[in-house]
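A.B. asks: I have a structure I would like to understand better, so I am pasting it below and will then ask my questions one at a time.
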Amino acid sequence: MTDANTDAMSDAVAELIAILDLERLEVDLFRGQNPKTGWRRVFGGQVVAQALVAATRTVPDDRPAHSLHAYFMLPGDPRTPIVYEVERIRDGRSFTTRRVKAVQHGRAIFATTVSYQVVEEGLVHQPAMPSVAGPEGLLDGKALASAGGSGMPEAIAAYFGRERPIALRPVDLNRYIAAGTSGRPPEPVFNVWLRAAATLPDDPALHRAVLAYASDMTLLDVSLIPHGRSVFDPTIQAASLDHALWFHRPAKIDDWLLYAQDSPAAGGARGFARGQIFDRAGNLVASVAQEGLIRPTRD
């Protein structure tokens with residue numbers, strides 16, 4: 001980042017780092033706090049990231065996480081800390097496996113399995129990064145909020161304009177401004193640049209955790225694009241059901257990353273979406289897949 005505040009973390013980023021610094025209660029037992037956001041439920045990406053931190057604190061530093069598979073079972077209560085119970089499934093010569101259960105009010109709200117691997121060399125291939133406009137020149141959060149007068153719904157403008165630890169710059173705003181105005185359903189594709197809103201400490205495990213946090217942002221909404229709806233629509237009940245994340249190579253989340261998202265299918269009141277995360281050099285650093293509830297309501 002090149003502005004005068006390069007070395008000063010924003011309040012939102014400092015708060016995110018604080019909630020990812022879990023309190024150790026006992027061996028393999030951790031407690032995570034929630035940010036003071038006023039939300040009615042805990043953001044799913046927060047639980048994913050905190051669970052990843054809990055698992056990682058039981059694994060040697062030379063074994064970075066390479067995959068995570070999770071299920072959301074109950075909405076998190078933002079007024080209550082979350083307890084993370086880590087189970088040591090396997091410690092092999094190359095791979096380590098951990099299972100994590102997140103608990104509130106005596107009930108499991110989330111569960112995940114995380115796999116770790118020693119760093120190895122091997123065969124490499126990847127898809128090309130989509131050819132889209134770079135983050136420079138795209139509207140930032142405050143500019144997006146003021147863009148509501150151009151046709152963007154107020155709730156969506158407020159979402160992008162809110163103070164947050166992750167800066168978002170959508171490549172194409174027509175998804176929100178012109179949704180449902182053409183005769184042909186738009187393609188379920190969405191590209192957004194994202195990064196931490198301030199410089200992070202040089203800790204690869206922290207960067208992976210913040211990337212896990214960001215991976216839950218805007219993804220489910222892509223499955224509603226062909227239907228001219230969004231997760232902000234009061235006639236849609238939306239919630240993440242499961243989440244899978246693969247780390248392909250190290251990435252700096254405090255530099256811009258392109259989150260290329262699409263939704264190949266929806267049905268049964270569920271939408272399936274997937275994402276590929278590229279760094280500015282075009283390297284694929286992570287892949288994401290998620291199914292979520294997109295249930296039409298009567299109101």
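The values are calculated or read from the model by the stated rules, or taken from the named source; none is laboratory data. Keep in mind that this is a model prediction, so the values were computed, not measured. Reconstructed Cβ throughout: ideal geometry from the backbone, glycine too, with neighbour counts over all protein chains shown. When the accessible area is computed, the model is the full protein with side chains, heavy atoms only, and any ligands, DNA or RNA have been set aside. Shrake-Rupley method; radii C 1.70, N 1.55, O 1.52, S 1.80 Å.
A.B. asks: How large is ³J(HN,Hα), in whole Hz, for each residue of the range 204-212 in order, when computed from phi with the Karplus curve 6.51 cos²θ - 1.76 cosθ + 1.60 and θ = phi - 60°, using x for Gly and Pro?
C.D. replies: x, 5, 5, 4, 5, 5, 5, 5, 4
A.B. asks: Along the charge dipole of the range 29-87, Cβ charges K/R +1 and D/E -1, which of His69, Ala49, Pro35 sits furthest on the positive end?
C.D. replies: Highest projection toward the positive end goes to Pro35.
A.B. asks: If you don't mind, there's one more thing I want to ask. Compute the signed sum of charges (Lys and Arg +1, Asp and Glu -1) over the other residues within less than 9 Å, Cβ to Cβ, of Val114. Could the numbers behind the result be given before it?
C.D. replies: Details: positive: Arg98, Arg99; negative: none.
So the environment of Val114 carries a net charge of +2.
A.B. asks: Which is farthest toward the positive dipole end of the range 11-296 among Gln126, Leu173, Pro188, measuring Cα position about the Cα centre, with Cβ charges +1 (Lys, Arg) and -1 (Asp, Glu)?
C.D. replies: My answer, from the dipole projection, is Pro188.
A.B. asks: Can you give the Rg to Rh ratio for the range 192-299, taking only C-alpha atoms and Rh from Kirkwood?
C.D. replies: Details: Rg = 14.9 Å, Rh = 14.6 Å.
Rg/Rh: 1.02.
A.B. asks: Are there GluC sites (Glu not before Pro) in the range 62-146 that DSSP marks as loop and that have at most 10 other Cβ atoms within 10 Å, and which are they?
C.D. replies: On the way: sites: Glu85, Glu87, Glu120, Glu121, Glu136; in loops: Glu120, Glu121, Glu136.
Listed in order of number, the matching sites are Glu120, Glu121, Glu136.
A.B. asks: Further question: Express the accessible area of the chain per residue in Å², computed with a 1.4 Å probe while the remaining protein chains stay in the model. If you can, show how the numbers build up before the last one.
C.D. replies: Working: 14930 Å² over 299 residues.
Result: 50 Å² per residue.
A.B. asks: Let me ask something additional. With every atom except the alpha carbons ignored, what do you get for Rg and Dmax of the range 222-261, in angstroms?
C.D. replies: Cα only, the range 222-261: 14.5, 40 Å (Rg, Dmax).
A.B. asks: Taking the 0 to 90 degree range and rounding to the nearest ten, how far is the long axis of helix 44-56 tilted relative to the main principal axis of the chain, both from C-alpha atoms?
C.D. replies: Compared with the principal axis, the helix lies near 20 degrees.
A.B. asks: Each residue of the range 236-242 in order: what ³J(HN,Hα) in whole Hz does its phi give by Karplus 6.51 cos²θ - 1.76 cosθ + 1.60, θ = phi - 60°, with x for Gly and Pro?
C.D. replies: Each residue's phi maps through the Karplus curve to give 10, 8, 10, 6, 5, 9, 9 Hz.
A.B. asks: Compute the long axis of helix 11-20 from its Cα atoms, compare it with the longest principal axis of the Cα atoms of the chain, and write down the angle in degrees, 0 to 90, nearest 10.
C.D. replies: On a 0 to 90 degree scale, this one is about 40.
A.B. asks: A further question on this structure: About the Cα centre, and with charges only on the beta carbon of Lys, Arg (+1) and Asp, Glu (-1), how big is the dipole of the range 38-104? Nearest 20 debye, please. Display every interim value, and only then the final one.
C.D. replies: Numbers: 11 positive and 6 negative charges, 26 e Å.
For the range 38-104, the charge dipole is close to 120 debye.
A.B. asks: How big, in percent, is the set of alpha carbon pairs in the range 80-149 lying more than 13 Å apart?
C.D. replies: So the pairs more than 13 Å apart make up 79 percent of the total in the range 80-149.
A.B. asks: Now for a different question. Taking the Cα centre as origin and putting +1 on Lys and Arg beta-carbons and -1 on Asp and Glu beta-carbons, what dipole magnitude results for the range 11-296, to the nearest 20 debye? Before the final figure, lay out the partial values.
C.D. replies: Values: 30 positive and 31 negative charges, 138 e Å.
Once rounded to the nearest 20, the dipole reads 660 debye.
A.B. asks: Further, regarding this structure: Output wanted: per-residue J couplings in Hz (rounded whole) for the range 156-167, from phi through Karplus 6.51 cos²θ - 1.76 cosθ + 1.60, θ = phi - 60°, x for Gly and Pro.
C.D. replies: Per-residue couplings from phi come out as 6, 4, 5, 4, 6, x, 6, 4, 8, x, 10, 7 Hz.
A.B. asks: Would you pull out the residues with amide H under 5 Å of Leu22's amide H, same chain only if 5 or more places away, H placed 1.01 Å from N?
C.D. replies: none
A.B. asks: Report, in deg cm²/dmol and to the nearest 500, the calculated mean residue ellipticity at 222 nm for the chain, where each DSSP H run with n ≥ 4 adds -39500 (n - 2.57) and the sum is divided by the residue count. Let's see the in-between values first.
C.D. replies: Values: 6 runs with 52 residues, N = 299.
Only helices count here, giving -5000 deg cm²/dmol.
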